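Student: The structure that follows is given in the form of structure tokens.
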Amino acid sequence: MDDAALTFAEIRQEFPGPNAEPPTRVLDGISFDVGRGEFIAVIGPSGCGKSTLLQMAAGLLAPTGGTVRHRGRPVVGVNREVGFVPQQAQLFPWKTLSENVELPLLLRGVPDAERRSRVADALRAVGLDGFERHYPNQLSGGMQKRGSIARTLIYKPDVILMDEPFGALDAQTRMVMQSDLQALSREAAATVVFITHDITEAVVLADRVVVLSQRPSRVLADIAVTLPRPRDVFEPFRNPGFEAAYEAVWSRFRTQIAIGHRMH
Ligand SMILES: Nc1ncnc2c1ncn2[C@@H]1O[C@H](COP(=O)(O)OP(=O)(O)O)[C@@H](O)[C@H]1O
Ligand SMILES: [Mg+2]
């Protein structure tokens with residue numbers, strides 16, 4: 001019996017080097033579970049293999065060693081039961097917002113009328129109703145990101161994988177998106193694996209923060225964040241316990257990043 005939504009068990013990954021150069025060892029035995037309904041943030045230095053790990057959960061890449069299990073079953077080949085929001089919002093520029101958002105339903109053969117009502121629901125959920133006929137280049141970066149999230153939520157994936165989804169947004173838009181994601185994920189009791197390099201974002205959103213080390217990366221710490229919900233994402237320092245949780249993550253993370261002398 002495996003109660004976890006997602007299990008990473010002793011995951012290793014090496015990529016072949018160019019020409020005769022030795023392979024790059026990226027992941028060096030990563031193990032952690034994601035419980036059903038849990039919101040996990042994964043934080044780690046640039047290039048440590050965070051995106052690589054998510055691709056494995058989506059079944060887009062087979063690990064060199066170890067196993068990813070989804071609800072107890074090994075992920076082999078593309079995993080259509082998980083939703084994947086990649087780093088760059090990738091709405092098709094030649095399709096309208098609603099055409100983009102309905103795509104996963106088309107691929108699954110959902111009938112016309114149901115498609116229309118689910119597109120309307122999904123767009124409303126991310127605050128984009130009224131923009132159905134707009135093309136991606138007529139939307140702001142934040143709106144495109146919302147569209148990308150709507151396209152993922154629309155088929156009610158069992159697990160939502162998000163790879164630094166708000167990294168490219170301006171600070172205000174990011175906070176609004178964090179707030180909306182908190183509400184959406186609570187409402188849907190969603191299981192989320194959220195990659196970020198932002199400690200505040202990790203602490204304010206997650207139930208647990210997994211800290212990865214530099215390449216070849218291992219799990220440095222797995223920290224429970226027990227701040228009461230809903231949390232204030234706009235003034236994160238107002239959440240009781242925020243400072244202690246931030247410090248717990250930072251004290252592990254800081255050992256992995258290069259810091260100039262004056263920062264000590
Ligand atoms: N397909 C690939 N072929 C070769 N090397 C890769 C490939 N994908 C990723 N890498 C290497 O693996 C490391 C981790 O990449 P990535 O998972 O994107 O890191 P992160 O998301 O943590 O910044 C990097 O050094 C990158 O160059
Ligand atoms: Mg990445």
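Student: Of the numbered conditions (1) within 16 Å of ligand 1 (Cβ to nearest atom); (2) crowded, with 19+ Cβ neighbours inside 10 Å, ASN100 satisfies every one except a single condition; which is it?
Tutor: Of everything listed in (1) within 16 Å of ligand 1 (Cβ to nearest atom); (2) crowded, with 19+ Cβ neighbours inside 10 Å, ASN100 misses just condition (1).
Student: Do we find that PRO93 is surrounded by fewer than 16 Cβ atoms within 10 Å (Cβ to Cβ) and touching a helix residue (DSSP H, G or I) at 6+ places or on another chain (Cβ under 6 Å) in this structure?
Tutor: Details: surrounded by fewer than 16 Cβ atoms within 10 Å (Cβ to Cβ): yes; touching a helix residue (DSSP H, G or I) at 6+ places or on another chain (Cβ under 6 Å): yes.
Here the answer is yes, as PRO93 does meet what is asked.
Student: A follow-up question, please. Can we say GLY49 is within 16 Å of ligand 1 (Cβ to nearest atom) and within 16 Å of the chain's Cα centre (by Cα)? It would help to see each step written out before you state the result.
Tutor: On the way: within 16 Å of ligand 1 (Cβ to nearest atom): yes; within 16 Å of the chain's Cα centre (by Cα): yes.
Judged against the criteria, GLY49 is a match.
Student: Tell me, which residue of segment 57-79 that is under 16 Å from the mean Cα position of the chain (by Cα) and within 20 Å of ILE149 (Cα to Cα) is nearest to ligand 1 (Cβ to nearest atom)?
Tutor: LEU60
Each row is one residue, and each column tells you yes or no for (1) surrounded by fewer than 20 Cβ atoms within 10 Å (Cβ to Cβ); (2) more than 24 Å from GLY29 (Cβ to Cβ); (3) at pLDDT below 95.
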| site | (1), (2), (3) |
| --- | --- |
| ALA183 | yes, yes, yes |
| THR191 | no, no, no |
| HIS197 | yes, no, yes |
| THR200 | yes, yes, no |
| VAL204 | no, yes, no |
| VAL209 | no, no, no |
| LEU220 | yes, no, no |
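Student: For the structure I just gave you, tell me whether GLU10 is over 30 Å from ALA183 (Cβ atoms) and surrounded by 15 or more Cβ atoms within 10 Å (Cβ to Cβ).
Tutor: Details: over 30 Å from ALA183 (Cβ atoms): yes; surrounded by 15 or more Cβ atoms within 10 Å (Cβ to Cβ): no.
When the stated conditions are applied, GLU10 does not pass them.
Student: For residues that are free of Cβ contacts under 8 Å to residues at least 12 places away in the same chain and surrounded by 11 or more Cβ atoms within 10 Å (Cβ to Cβ), tally how many sit in segment 236-254. Reasoning before the result, please.
Tutor: Here is the first cut: in segment 236-254, the residues free of Cβ contacts under 8 Å to residues at least 12 places away in the same chain are 237-238, 243-244, 247, 251, 254.
Retained after the next criterion (residues that are surrounded by 11 or more Cβ atoms within 10 Å (Cβ to Cβ)): 243-244, 247, 251, 254.
Summing the residues that are free of Cβ contacts under 8 Å to residues at least 12 places away in the same chain and surrounded by 11 or more Cβ atoms within 10 Å (Cβ to Cβ) in segment 236-254 gives 5.
Student: Same structure again: Within segment 163-172, can you find the residues that are touching a helix residue (DSSP H, G or I) at 6+ places or on another chain (Cβ under 6 Å) and under 12 Å from VAL233 (Cβ atoms)?
Tutor: Across segment 163-172, the qualifying residue is only PHE166.
Student: Let me ask something additional. If the requirement is being of a type in the set (A, V, I, L, M), in contact (Cβ under 8 Å) with a residue 60 or more places away in the chain, over 15 Å from VAL159 (Cα atoms) and touching a strand residue (DSSP E or B) at 6+ places or on another chain (Cβ under 6 Å), which of these qualifies: ILE30, ILE11, ILE40? Steps first, please.
Tutor: Numbers: ILE11 fails: in contact (Cβ under 8 Å) with a residue 60 or more places away in the chain; ILE40 fails: over 15 Å from VAL159 (Cα atoms).
Just one listed residue meets the conditions, ILE30.
Student: Follow-up question, since we're still on this one. Hey, can you tell me all the residues within segment 134-167 that are within 19 Å of GLN55 (Cβ to Cβ) and small (Gly, Ala, Ser)?
Tutor: SER148, GLY167
Student: ILE257: within 16 Å of ligand 1 (Cβ to nearest atom), surrounded by fewer than 17 Cβ atoms within 10 Å (Cβ to Cβ), aliphatic (A, V, I, L, M) and in the same structural domain as ALA58 (by TED's automatic domain parsing), yes or no? Give the derivation first.
Tutor: Values: within 16 Å of ligand 1 (Cβ to nearest atom): yes; surrounded by fewer than 17 Cβ atoms within 10 Å (Cβ to Cβ): yes; aliphatic (A, V, I, L, M): yes; in the same structural domain as ALA58 (by TED's automatic domain parsing): yes.
Taking the combined requirement at face value, the residue satisfies it.
Student: For segment 16-25, does any single residue satisfy the condition of being surrounded by 22 or more Cβ atoms within 10 Å (Cβ to Cβ) and either modelled with pLDDT of 95 or more or among the small types (Gly, Ala, Ser) (or both)? Walk me through how you get there before you give the answer.
Tutor: Our first condition is that a residue be surrounded by 22 or more Cβ atoms within 10 Å (Cβ to Cβ); within segment 16-25, this holds for none.
Scanning segment 16-25 turns up no residue that is surrounded by 22 or more Cβ atoms within 10 Å (Cβ to Cβ) and either modelled with pLDDT of 95 or more or among the small types (Gly, Ala, Ser) (or both).
Student: With respect to ALA9, determine if the residue is within 16 Å of ligand 1 (Cβ to nearest atom) and on the phi < 0 side of the Ramachandran plot.
Tutor: Considered against the rule, which asks whether it is within 16 Å of ligand 1 (Cβ to nearest atom) and on the phi < 0 side of the Ramachandran plot, ALA9 comes out as no.
Student: State all residues of segment 124-152 that are in contact with a Leu (Cβ under 7 Å, 6 or more places away or on another chain) and over 16 Å from GLU99 (Cβ atoms); if no residue qualifies, say none.
Tutor: Within segment 124-152, ALA125, GLY141, GLY142, LYS145 meet the criteria.
Student: Another question, then. All but one of (1) assigned by TED's automatic domain parsing to the domain that holds ALA57; (2) at positive phi hold for SER185; which doesn't?
Tutor: For SER185, the failing item is (2).
Student: Out of curiosity, is VAL78 β-branched (Val, Ile, Thr) and either in contact with a Pro (Cβ under 8 Å, 6 or more places away or on another chain) or under 26 Å from ARG186 (Cβ atoms) (or both)? Outline the logic, then answer.
Tutor: Numbers: β-branched (Val, Ile, Thr): yes; either in contact with a Pro (Cβ under 8 Å, 6 or more places away or on another chain) or under 26 Å from ARG186 (Cβ atoms) (or both): no.
Here the answer is no, as VAL78 does not meet what is asked.
Student: Further, regarding this structure: Out of all the residues in segment 80-97, which are polar (S, T, N, Q) and either within 16 Å of ligand 1 (Cβ to nearest atom) or out of contact with any Phe, Trp or Tyr (no Cβ under 8 Å at 6 or more places or on another chain) (or both)? Step through it out loud before you land on a result.
Tutor: Step one: filter segment 80-97 for residues polar (S, T, N, Q), giving 87-88, 90, 96.
Scanning segment 80-97 gives GLN87, GLN88, GLN90.
The values are calculated or read from the model by the stated rules, or taken from the named source; none is laboratory data. Worth saying up front: this structure is predicted, and the values here are computed from it rather than measured. Cβ sites come from the backbone with ideal geometry, for glycine too, and all protein chains shown count toward neighbours.
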